[in-house]
Amino acid sequence: MKPNPIRVLSVIPPMTQLNTPYPSTAYLTGFLRSRGVAAVQEDLALKLVLSLFTAQGLEEVKSRALLLPEAERSATVNFFLDFFARYVHTIEPTIAFLQGKDSTLSHRIAGRGFLPEGPRFAALDAYDDSESGDPLSWAFGALGQQDRARHLATLYLNDLADVLRDAVDSRFEFVRYGESLAGSQATFEPLAQALAAPLTLMDEKLKALTLEAIEKHQPTLVLLSVPFPGAVYAAFRIAQCLKKYHPNIQIALGGGFVNTELRELTEPRVFDYVDFVTLDSGERPLLALLEHLEGKRSASRLVRTFIRKSADEPVSADASKNTQRVQLINWSEPDVPFEEVGTATWDGLPLQDYLSLLDMLNPMHRLWSDGRWNKLTVAHGCYWKKCSFCDVSLDYISRYETASASLLVDRIEQIVKETGQTGFHFVDEAAPPKALKALAEELIRRNVHISWWGNIRFEKTFTPELAELLAESGCIAMSGGLEVASDRLLKLMKKGVTVEQVAQVTKGFSEAGILV
């Protein structure tokens, strides 16, 4: 009897960004589909927030808050309870506004009479303008009503996030959910204890969303992509739920956090929750894993994949108890070339439901949370890979590969056609100037109109002429790291730039109309 084909579900666990999908599942889903694999994706980070920020969700939060003794309620929780009627009537319209579905609500929000203004709004006092009486006039003037309203609505959501932290789950934060359980922890014990504790309202919601996704997609393999410490706890809660209710589903854990923090994994308890832990670029390990699950490849031929040995397998006498049980299998096979990874796809993700937040008023910083950006890479790895503070041995830095400008623009056009969105964030560690130049020329030659920004190394190659070319192609901003404004220390760090060169590059970008 022929086995059923493998169906793969890639999951973004809480919490990541709320304004745009974290791109890892889009990359993996696009790659797997290009290889004929049935692959789908879900953003449970967004779905968890949206399930809480409804009238019904706030009613549940209120019930939990009322269980707290009055002496233990924070000022934020007390404000929420005092003004609950206003919160429950404004939450759904405000979410719709932040999703871009009701722009005219900006008039009421900006007028400061619609939203309840909790403790987070106290920050506006720092901008008090005694002449105009408008603390935000410096930022938005008379006509920046949409942005003003989104900033106020973001403060409103931040108040509610504080309520969730103080009354429902002390670990909750946007983006950094349960971060302390994974970041800089010497052992697995803190996370194990948290996972053994009774479910919070947040956990119950996540459990329901997980089971709903499984019922919808019926996967045989679930990929949990964990980019940050703040997504680890929820990823393990998802895995815990799957092991309890769907033990036949195989689970693989990967992502940026795994690639940097779990390279020396020895803790066998991790495999009470997941079956495989993969390192670095996921394409080749995934292909090997799929062949293994289909019975075409033995476990000894997996690629960059941790597994746990069964109790009856022989182990070496000189290994520790933990390392006897956990093994890294790294069959030598070439990685999938960057030009052959396929085009990322956002199919299946609710692009119309992401929240365009305005948290930081700095024009450059706002891009991280404001707007729905298609995330793409210009190249794989770092072309410089010399900085002394950087672990240049890691695959995502050391293996530098580029794609042709023509192929990159093909991918851009395909993504625009699929999503209807022309905004791109190139998420390279440091986008190479030569590749950006070629990309800009190809965009202009083919008359492809997009708005884009990226991450770079400030270096002399970014001349004023190149800045003008990039701006003409649609570049609106550039972010780059400058660890210290000291030539001596920059030299010691092998940064390859001087303070004066950074200033010249910044000036060139600014004169070209590019935010820095």
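The values are calculated or read from the model by the stated rules, or taken from the named source; none is laboratory data. Predicted model only: the values in this text are computed from it and were never measured. Virtual Cβ from ideal backbone geometry, glycine too; neighbours counted across all protein chains shown. SASA here: full protein model, heavy atoms, side chains in, ligands and nucleic acids out. Shrake-Rupley method; radii C 1.70, N 1.55, O 1.52, S 1.80 Å.
Computed over the range 335-490, the P(r) curve from all C-alpha pair distances, binned at 5 Å from the origin, holds 2, 8, 16, 20, 20, 17, 11, 4, 1, 0, 0 percent per bin. Packing, taken as the mean count of other beta carbons within 10 Å per residue, orders the peptides 484-492, 506-514 from highest to lowest as 506-514, 484-492.
Among the lysines, select those whose C-alpha is under 22 Å from the C-alpha of LYS296, and discard any that sit fewer than 8 residues away in the same chain. Partners found: LYS2, LYS309. Full extension of the chain between ASN248 and ASP347 gives 33.0 nm of extra length, using 0.36 nm per residue less the Cα-Cα distance.
Taking the DSSP beta bridges with both ends in the chain, the antiparallel portion is around 20 percent.
Stretching GLU333 away from ASP395 to a fully extended chain increases their span by 20.9 nm, per 0.36 nm per residue minus the current alpha-carbon distance.
With pairing defined as another cysteine C-beta under 4.7 Å, the cysteines of the chain that fail it are CYS241, CYS382, CYS475.
Taking only the Cα atoms of the range 22-61, the ratio Rg/Rh comes out at 1.27, with Rh defined as the Kirkwood radius.
The listed residues TYR273, TYR245, TYR156, TYR383 rank as TYR245, TYR383, TYR273, TYR156 when sorted by accessible area, largest first, using a 1.4 Å probe. Suppose we take every Cα in the chain and form the convex hull; what volume per residue is that in Å³? That works out to 183 Å³ per residue. Distance from the C-alpha centroid of the range 60-105 to that of the range 462-516: 43 Å, rounded to the whole angstrom.
Taking θ as phi - 60° and the Karplus parameters 6.51, -1.76 and 1.60, the scalar couplings of the range 500-510 work out to 5, 5, 4, 4, 5, 5, 4, 4, x, 5, 4 Hz in sequence order, x denoting glycine and proline. In the chain, helices alone account for a calculated mean residue ellipticity at 222 nm of -12000 deg cm²/dmol, with every DSSP H run of four or more residues adding -39,500 (n - 2.57).
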